[in-house]
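Visitor: So that we are looking at the same thing, I have put the structure below in structure tokens.
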Amino acid sequence: MTEETKLEELPGVGEKTAEKLKDEGYKDLMSIAAASSGEICGKTSIGEATAEKIIHAARSELDMGFDTASKVYERKDDVGKISMGSEKINELIGGGTETQSITEVYGGYGSGKTQLAFQLSVNVQKDEDEGGLNKGCVFIDTENTFRPERIKEIAENADMDPEEVLDNIFVARAYNSDHQMVLANEADEILENNDIGLVIVDSLTGQFRADYTGRGSLAERQQKLNRHLHDLQRLAEVYNVAVFISNQVMSKPDVMFGDPTEAIGGHILHHAAAFRMYLRKGKGDTRICKLVDSPYKPEGEAPFKISEEGIIDK
Ligand code: GTP
Ligand code: MG
């Protein structure tokens, strides 16, 4: 039995139950295996005991559990890296943004988050020896800032066929946070039927911030964001794609020393993103990328510039 096994074929799941699960976005065994029983009960009319049985069945179908270290090492071998455009940033983070994980970039207005996303959507399409994966990109645009002309410009400057580059980017505009979550779930279909190496959400938090205002809704917002990040992490692992998310910062007026800004979403993002980078404006047109979190690289900074060609070394 493999991931190909249909929900209906799981012991204890009839067609009706399968339908209920699918309606809530549990489309495959992995999404069920990764869920908690409380979560499934909360979303569907399925009882707790049944939910537990279904999760257990999905987990045993997928043969999830302990692996030997050599197996884990083998899987790591499949990890692909996409160049950020600047060699100094690549060095800083260990080669580029990685498949199978979430990379978060946060920073203030105009710090370069969207430009970096555009650069990556082009770079993923390059050959492996040029910092790409020879694959396409899924772009979830939540702020209406996707600009095909700019992507064309970056592609032309890299001697790529701009029309072909645009054809390999699947774009969707998210109108609100629920729609954004639906799009992340619907990405499955694109990822299954196309050769995709990168999923971008620019920005991750904007719509959530707009939809959940006021203290009372903070808990709900965090819960939804958490669910959304789980969905994205699942895409990263199941389809061996890099997930790149951008995030605004909020100012913390109570901080007197150092940089008084903090990424939105707080600790939830801390746990979800394997790589976290903070972008800020430097002197003149310089921008600075600071590596804040990484599984294996120390903190550090790299200067870069945003030019006609895209993201380049300073
Ligand atoms: P918010 O989404 O507002 O939070 O900002 P952001 O971090 O996404 O900023 P973005 O990536 O849009 O960066 C904006 C900066 O990139 C601008 O201040 C410009 O300096 C530069 N930039 C934007 N578009 C272009 C362009 O077409 N050509 C060039 N050369 N630079 C650009
Ligand atoms: Mg932006």
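A short reminder: the numbers here are calculations on the coordinates, not readings from a lab. The structure presented is a predicted model; accordingly, all values stated were derived computationally and were not measured. Every residue, glycine among them, receives a Cβ derived from its backbone with ideal geometry; neighbour counts consider all protein chains shown.
Visitor: Using Cα pairs closer than 8 Å and at least 6 residues apart in sequence, work out the relative contact order for the range 75-313, in percent. Write out the running numbers ahead of the final one.
Guide: Values: 484 pairs, mean separation 70.3, N = 239.
Relative contact order comes out at 29 percent.
Visitor: To the nearest 10 degrees, how steeply does helix 218-238 sit against the main Cα axis of the chain, on a 0 to 90 scale?
Guide: It works out to around 90 degrees.
Visitor: Mean 1/r over all different Cα pairs, inverted: what Kirkwood radius does the range 7-62 give, in Å? Don't skip to the answer; put the middle values down first.
Guide: Numbers: mean 1/r = 0.0942 Å⁻¹.
It works out to 10.6 Å.
Visitor: Between helix 148-157 and the chain, what is the angle of the helix's C-alpha long axis to the longest principal axis, kept within 0 to 90° and rounded to the nearest 10?
Guide: Relative to the chain, helix 148-157 is tipped by roughly 60 degrees.
Visitor: Compute the length gained on full extension between residue 290 and residue 147: take 0.36 nm times their separation in residues and subtract their Cα-Cα distance, giving the result in nm to one decimal.
Guide: On the way: separation 143, 0.36 × 143 = 51.48 nm, distance 2.57 nm.
Separation in residues times 0.36 nm, less the Cα-Cα distance, equals 48.9 nm.
Visitor: Here is a follow-up. By how many nm would the segment from residue 218 to residue 237 grow when fully extended, if each residue of separation counts as 0.36 nm and the alpha-carbon distance is taken off?
Guide: Numbers: separation 19, 0.36 × 19 = 6.84 nm, distance 2.85 nm.
Net length gain for the segment: 4.0 nm.
Visitor: Something else: Can you give the net charge of the other residues whose Cβ lies under 9 Å from the Cβ of residue 277, counting K and R as +1 and D and E as -1?
Guide: On the way: positive: 276, 290; negative: 104, 293.
Cβ neighbours under 9 Å give a net charge of 0.
Visitor: Name the long-range amide H neighbours of residue 277: under 5 Å, sequence gap of 5 or more, or other chain; modelled H, no Pro or chain starts.
Guide: 104, 105, 106, 292
Visitor: Expressed in nm to one decimal, what extension gain is obtained for the pair residue 8 and residue 283 from 0.36 nm per residue of sequence separation less their Cα-Cα distance?
Guide: Numbers: separation 275, 0.36 × 275 = 99.00 nm, distance 5.93 nm.
This chain segment gains 93.1 nm when fully extended.
Visitor: Same structure again: Sequence neighbours fewer than 8 away in the same chain don't count; with that in mind, list the aspartates and glutamates whose C-alpha is under 14 Å from residue 88.
Guide: Answer for residue 88, where 14 Å is the Cα cut-off: 299, 301, 313, listed by chain and number.
Visitor: Could you compute the net charge surrounding residue 221? Neighbours are other residues with a C-beta less than 13 Å from the C-beta of residue 221; K and R count +1, D and E count -1.
Guide: Net charge in that neighbourhood comes out at +1.
Visitor: Using only alpha carbons, build the gyration tensor for the chain and give me the equivalent ellipsoid semi-axes, biggest first, whole Å. Kindly include the intermediate steps, with their values, before the conclusion.
Guide: Details: eigenvalues 228, 107, 69 Å².
Those come to 34, 23, 19 Å.
Visitor: Pairs 6/126; 16/53; 22/113: which are spaced more than 24 Å apart, C-alpha to C-alpha?
Guide: Working: 6/126 35 Å; 16/53 16 Å; 22/113 34 Å.
Where the Cα-Cα span goes over 24 Å, the pairs concerned are 6/126; 22/113.
Visitor: Need one number: % antiparallel among DSSP beta bridges in the chain, to the nearest 5.
Guide: 45
Visitor: Still on this structure, please answer the following. Note the direction-averaged projected area, equal to a quarter of the hull surface, for the Cα convex hull of the range 187-228, in nm².
Guide: Numbers: hull surface 14.2 nm².
It is 3.5 nm².
Visitor: Shifting gears a bit: Hey, with R₀ at 41 Å, roughly what FRET efficiency would residue 313 and residue 36 work out to, going by the Cβ-Cβ distance, to 0.05? Please list the in-between numbers first.
Guide: Working: r = 45 Å, r/R0 = 1.09.
Approximately 0.35, to the nearest 0.05.
Visitor: Rounded to the nearest Å, what's the spacing between the alpha carbon centres of the range 140-194 and the range 283-314? Just the number, please.
Guide: 23
Visitor: To continue, here is another question. Report the calculated FRET efficiency for residue 211 and residue 19 (r = Cβ-Cβ distance, R0 = 25 Å), to the nearest 0.05. All intermediate terms of the calculation are to be shown ahead of the outcome.
Guide: Values: r = 28 Å, r/R0 = 1.11.
For R0 = 25 Å, the calculated efficiency reads 0.35.
Visitor: Okay, next question. Placing +1 on the Cβ of each Lys and Arg and -1 on the Cβ of each Asp and Glu in the chain, which of 121, 244, 166 has its Cα farthest towards the positive end of the resulting dipole?
Guide: Positive-most Cα among the choices belongs to 244.
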